[in-house]
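Peer 1: Let me give you the structure first, and then I'll get to my questions.
Quick note: the coordinates plus some simple rules give every number you see, no bench work behind them. Note that the structure is predicted; figures quoted are calculated from it, not measured. Methodologically, a virtual Cβ is constructed for each residue, glycine included, from the backbone with ideal geometry; neighbour enumeration extends over all protein chains shown.
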Amino acid sequence: MEKILSVRVDEKVLNKISILAQKLHVSKKKVIEGAVQLYAQKMEAAGDMNVFVQTSGAWKRKETIDQTVAHAKSTFRKSWDRY
């Protein structure tokens, strides 16, 4: 699904996009999409796109899954009690 993106860019950048689109015989949209893809590939190659490294260890838990589930269920049951 395509979405609309509205951004303000420097006039020089917009001119470069237009020139590239004309020389490559593609739309400005394709130029921008291609540039983003190339940038993402560079980051992936450098290892900057590793989600597990960037999560600050939130996925590493000291408690077991059973303990986490029991704690969540206990909290949920307590929320149903009236005070």
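Peer 1: Using a Förster distance of 41 Å, how high is the FRET efficiency between Ser79 and Ala40, based on the Cβ-Cβ distance and rounded to 0.05?
Peer 2: Result of the calculation: an efficiency of 0.45.
Peer 1: Same structure again: Report the label-to-label distance for Ser18 and His71 in nanometres (one decimal), using points 7 Å from each Cα along the Cα→Cβ vector.
Peer 2: In this crude label model, Ser18 to His71 measures out at 5.8 nm.
Peer 1: Follow-up. Grab the other residues whose beta carbon is less than 15 angstrom from that of Ser6, score K and R as +1, D and E as -1, and report the net.
Peer 2: Every neighbour counted, the sum reads +3.
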